[in-house]
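Here is the structure we will look at, set down as structure tokens.
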Amino acid sequence: MASFWDRASALLVDAVVGASVWFLLVVVLAVATSADLQLVIVVSIMFVPVYSLAVSLLVAMRGQSPGKIFGGIKIVRADGTDIGFSRGILRESIGKLISALPLVVPLGFLWVLFDKENRGWHDKIADTKVIRIR
């Protein structure tokens, strides 16, 4: 079972990857469009949902985000089998939305610290768990 810190580290890597891609995209756009500020702002606003969708699709297809790949952890069904596309989408959309509902203190994510199986609310909703694969 992956610990809270394994999962937090993977999230940090996902954030760094996303920020790096965004930064490179903005620099290329700024140079290519002679710093058209409106275009840079629109692309910046659209980047977060597009990156989130890309990571969600990656998780749904292989059970891993870039951070989880780097950290050697993987999302599987509670019985240990592959997560499957529909369960992955459920976990990454509705499950994470519910986990994040109290936005000041996202209890659903912090639940991993208190759960004996290290499962957050999004894991319980989708009947998944995060395991170490190396």
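The values are calculated or read from the model by the stated rules, or taken from the named source; none is laboratory data. Because the structure is predicted, anything quoted here is derived from the model rather than measured. Quick reminder, even Gly has a Cβ in these numbers, built from the backbone with ideal geometry, and neighbours come from all protein chains shown.
Kindly indicate whether Ser44 is under 16 Å from Thr128 (Cα atoms), out of contact with any Leu (no Cβ under 8 Å at 6 or more places or on another chain) and either modelled with pLDDT of 95 or more or not hydrophobic (A, V, I, L, M, F, W, C) (or both). The answer is no for Ser44.
Look through the range 106-134, keep the residues that are surrounded by fewer than 14 Cβ atoms within 10 Å (Cβ to Cβ), of a type in the set (D, E, K, R) and touching a residue at least 12 places away in the same chain (Cβ under 8 Å), and return whichever of them is farthest from Ser65 (Cα to Cα). Per the stated criteria, the residue is Glu117. Residues in the range 58-110 that are out of contact with any helix residue (DSSP H, G or I) (no Cβ under 8 Å at 6 or more places or on another chain) and closer than 26 Å to Val21 by Cα: Arg62, Ile69, Gly72, Leu97, Leu103. Tallying residues that are of a type in the set (Lys, Arg) and out of contact with any strand residue (DSSP E or B) (no Cβ under 9 Å at 6 or more places or on another chain) within the range 78-129 yields 3.
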